[in-house]
Structure formats: C-alpha cells, structure tokens
Amino acid sequence: MSFNKKIQTLENKYNLSPEDFNFNRRKLNKELLTTEEFDIVVVGGGIVGSSLANHASKMGLKVALLEASHFGSGTSSRSSKLIHGGLRYLEQLDFKLVFESLKERNLLLKHNKHFVKKLDFVFPIYKNDRVPKWKMSLGFWIYDCLSLFKNSKHIFLNKNTTIKKYPNLQTKNLQGAFVYTDAQMNDVKITRSHLLSSHTQGAILSNYSEVKKINSEQNTEHNSEQSQNTEQNTEQNTEQNTEQNTDKEINKIQVYDKLLDQNFSISAKHVLLSLGPWTDIVGQKLFSNWKPLLSLSKGSHLYIKKDRFFCKEAMVISSDKDGRIIFIIPSQGNTLIGTTESKFNQDPSFVKTEQEDIKYLLDQVNKFFTNLNLESKDCISYFSGVRPLINSTNKLDSKKSRDHLINLVSKNVSAVVGGKFTTHRKMSEDIINHIFKVNKNINQNLSQNQNPNQNLSQNLSQNQNQNQNQNQNQNPHILPNVDCEDNLISAANFSIQKGMCFYLSDFFEYHTSLNMKTNLTKDLLLSVENLFKNKYSWSQNELEKQRQSLEKYFKDCGIKII
C-alpha cells in the first residue's frame, strides 16, 4: 500500500478530513511515525524547519517534523515582524548577505502578498550621529543597487520638509531624513502556512514531541573548520563524508510525547536539526562530542497604545547609547518598538523582558520625540526572543553574522544554525542541496516528476490563495479583527480543529493578535477557557494547570486582564 493510501485509510479510521489538523490528526501522525521509514526527519518546527518540511514534501520526499513545544513558538514568533535586507550589515561590508536578503524580500513581496506588505521607513539624520549623512547616503545607494532597483528608490527629505511631515521629531541638530522601503510581515502566520502546506503534501507533523536520543553507528567530528559560507562549508563536508554515507544505514530517533507522557521511536534516513537558539543545548544532550556553534543574543520589543504614540510610517532611530538601530513600526493599529540586543547565556525557554529592556527602549524613543514622555504604563504588552547567531570570536553581538551554516554533525545527521527570517526560503533550499550531497540514499528516492529547485515562495503563495477561498469564519488567517467574542471563539475553534492547539497559553500567544491590540476582558477569557475545557474534557486539576500557565504568559508579557 502506498504512503498516501495509508494516510487516506487512517483518515477514515480517525474520521478525519484531509484538512483536519487536530488531536485525532496527531494520533494518526503518531501511528505513521512509529511504523514508517522517513527520508528526512526535521527536528524543530520554527520558520526554517517548517519551510524545509514544505520544500522537501513538495519534492516528493517522505518527511516528518517534530517540535518539542508548539509549532513556531520560539524565535520565529518573536521577531521584529520585518522582511528586510539589513542596512546595518552594509557597515560590516557583508554585501553577500544583504544582496541575498533583498532578493528573498522581493520574492516574498511578489508571492506572499497576504502576509508580506511593503512599508516605508523614515530614518532621521542628525549632525552628531555616529554614521554621518554622506555615509548614510552612500549606504542607501548601495542598498538600492543590491536590490537591483526592484524596490522604491530611497529619497532624502531636507530639514524643513522633515519637520513639516514629522513635527514631533527632535529638531536640534536635525539635518533631514532618508525615506526607503522594506517590508512588514506576520511571522506566526507565515510559519503556520508552511506547516499547513507541508501537511497537505503528506508531511507528518507532531508538536510536543521531544527528541531524546539519535542512535547512530558512527559519529564524525564536526565543526572542525567552521565557515559562514554555507555553500563552501557544504562542499567541504560533502567531500569528507560522501563515501561513508552511501550505505543504507537508518537512524533510530527516540522521542518523548510530552502531551501523552509516552515514548516512541522513528526511523529516518536523514535527520536535520533546526533548533534555533536551542541547537547547542540539544546537541550536547544528543552527541558527546558536540562543540558549541552559537552565540545567543536577546532582543526585546514593546507594543505601545495608539493614543500615546502612533506613526503612519515606520521610523528608524539610532541609539545614542550603543549605536543600535531601533525600529518604530505601525502594527495592528498600535506601535511596535524594538529591538534591544544583549548577550544571553541561559536556556532560551526562559527568556523574558526585563524592566531594564523596557526602560532602554522608552528612553531612546523619548529622546527623539518632543514631549512624548512614554512610560511603562503605556505598554500594551512586550516580548523577547533569542537570536541564534553563529559563534565567532571577538565580535560584538550586533556585528556577528546573520548568515547560516549547515554542518554534518554525525552520520546522516545535519544541523543548520544562524540565518534570519527573511532568508528562510534560501536556507531550506541550501539544506536540501546539502542533504542530497551527503546522503546519496535520499537523492535516489527523489521523485522524477519533481523539480528540486522549484520556487517555494510561489508554492506558499498558492497555499495561501487556497486559504483565502475558504470560509472566512473558519480561517483565522483572514479574520480581520479578533477582538470580540464571536471572532475569538471562531479563532479558538479553528486553532483546535486546524491548528493542533492544546493549551490556552498557546492559543493566546500564537493564534490571536490580541496581545498586539488591546487588553483582554475576563468575559473573553472565560469564553475561550470554556471552549477548550469542553473540547478536551479537562478535569478541574488540568484546568487549573492551564490557568496557571496562561497567567504566567500574561505576566511575562505584561498583558492586563480588565
């Protein structure tokens, strides 16, 4: 029986439609995970892992994806919500990264119009800035060139025009402002679209599934010559390891089901670790010879009430404290401010926004806008994430590369580190090429009818167009305002039936945008709580655990219940 036929048979057994992505789907997936042999098992359900699963499944490969928490719950959901080339990398002369990022930005703007929108940015220039006006002008010209002039060209506004358009800006030493265009996006929805697209292509996905052990007969010393040039590094690893990876060895992956408190195992020809800031923590548990690959950096953001501070266009300011660029972005009718950058040496699971992070951002914004006087009470909420920067000696966090690295860490096991949200499509393409080179057994099973270099952005766009045609009351991708009871209940029903959502805290953090918009009411909270309780038949004890987890999330993010 073919794999697709098995899925259809099990769907009948569990009374599922092909679109269902719920608790019964998870049971079906677990049955397949324990009985099938997969070409690739992706460990990590963030933007890179989900993009890879989408890419590989569309190529006809048998793919499984395991996520230890909820899909997209790590760094992928805690970004600045921007798709951009990265102006600051020009100062580091990292033209390759900026060119690649701008190319990916243009692809995403073309093929992902539902979730990626053009956004104008205003960058005021002052006489005493660390980077002078002439150098900024040169940088913007290079930025336009590297985008191949496929975007709106930057312009410069003189001092009088700048003051007229933005009267609240600090005018002392103001020289004018540059205006340029990048893009804004919804990180959670892009990640989820990749996941749902891979699901419709036959990928087997399971959240709250933690990898405990990978059995491999032979380990290879990894990371001996670390390189931030992915293609070069892949070629080096290929030459060293191709011969030893042409056999039929199958990895056995031991997994702990955190939802059901059960252990199970999976068979895979190749394992790809896409763990973001958790890479070294998990890698050291799985491999005795693991060498650290990452330097972690924490970034914090604030949501500010619209009536206290709102800009129609995004603003970019340069901190007078450390020179870091801070974005002020219109978002969901309010204002998003970020980000900070500081070293982080803890488990990324416990990252949270501290008062010093809030003070830093508010102080910097207040310096650039007259009579603004923002205070912490003006925050709707805040969040922090951890950037997985490639480890490099004697570099400040803000100067470390955002390029990505793919290493063969053990026989038929690879890891991807670094990168940025903007380049996730290119990263997944590079990973596939790497796997084909180091594991010939995978390449032999590639469907002859599939194009390995197909446009993943276009595939994602097609999936989103299909979503747009579905019933609007059933699809939270297109619920315009999840801020009243009817829409919130619709979103909750969808997250349970088609989002594999099992926790109240996951629902409010990853399946709504209420934390970006307004404070929650007790009535709205109770309505969702009752829905989850009835759907999953929670005991009073389980309900209390769910409440405690939700209260902790609200507290850590500064969300108030009214």
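Here, each number is a calculation from the coordinates, and none is a lab measurement. If you're wondering where the values come from, they're calculated on a predicted model, not measured in any experiment. All Cβ positions, even for glycine, are placed from backbone atoms using ideal geometry, and neighbour counts span all protein chains on display.
Mind sorting Trp141, Trp290, Trp278 by how few other Cβ atoms lie within 10 Å of their own Cβ, fewest first?
Exposure proxy ranking, most exposed first: Trp141, Trp290, Trp278.
With Cβ to Cβ distances under 13 Å as the rule, what net charge do the other residues near Asn158 carry (K, R +1; D, E -1)?
Details: positive: Lys133, Lys159, Lys164, Lys165; negative: none.
So the surrounding residues net to +4.
Compute the distance in nm between two label points, each set 7 Å from the Cα along the Cα-to-Cβ direction, one at Lys545 and one at Phe310.
Each label point lies 7 Å from its Cα, and together they span 4.2 nm.
Asn215 to Lys127: FRET efficiency via 1/(1 + (r/R0)^6), r the Cβ-Cβ distance, R0 56 Å, to the nearest 0.05?
Numbers: r = 63 Å, r/R0 = 1.13.
Once rounded, the FRET efficiency stands at 0.35.
Spelling out what I want: for every residue of segment 150-167, take phi, set θ = phi - 60°, compute 6.51 cos²θ - 1.76 cosθ + 1.60 (Karplus), and round to whole Hz; glycine and proline get x.
These are the phi-based 3J(HN,Hα) values: 8, 10, 4, 6, 5, 10, 10, 9, 6, 4, 5, 5, 4, 5, 5, 7, 10, x Hz.
Going by C-beta contacts inside 10 Å, put Ile390, Ile40, Ile250 in order with the fewest on the left. Numbers along the way, then the final one.
Values: Ile390 20, Ile40 25, Ile250 16.
Least to most surrounded, the residues fall as Ile250, Ile390, Ile40.
Sorting Arg78, Arg324 on the 10 Å Cβ count, fewest up front, what's the list? Before the final figure, lay out each step's value.
On the way: Arg78 24, Arg324 18.
Lowest count first: Arg324, Arg78.
Mind listing the phi-derived Karplus ³J(HN,Hα) values for segment 201-207, rounded to whole Hz, using 6.51, -1.76 and 1.60 with θ = phi - 60°, and x for any glycine or proline?
So the J values, rounded to whole Hz, are 8, x, 5, 9, 10, 8, 8.
Filter the GluC sites (Glu not before Pro) in segment 27-95 to those in DSSP coil with at most 16 other Cβ atoms within 10 Å of their Cβ, and list the result. If you can, show how the numbers build up before the last one.
Details: sites: Glu31, Glu36, Glu37, Glu67, Glu91; in loops: Glu36, Glu67.
For GluC sites (Glu not before Pro) across segment 27-95 that sit outside H, G, I, E and B with at most 16 neighbouring Cβ atoms in 10 Å, the list reads Glu36.
Let's see if you can work this out: charge +1 on each Lys and Arg Cβ, -1 on each Asp and Glu Cβ, no other charges. What is the dipole magnitude of segment 37-89 about its Cα centre, in debye to the nearest 20? Walk me through the intermediate numbers first.
Details: 5 positive and 3 negative charges, 69 e Å.
Magnitude of the dipole: close to 340 debye.
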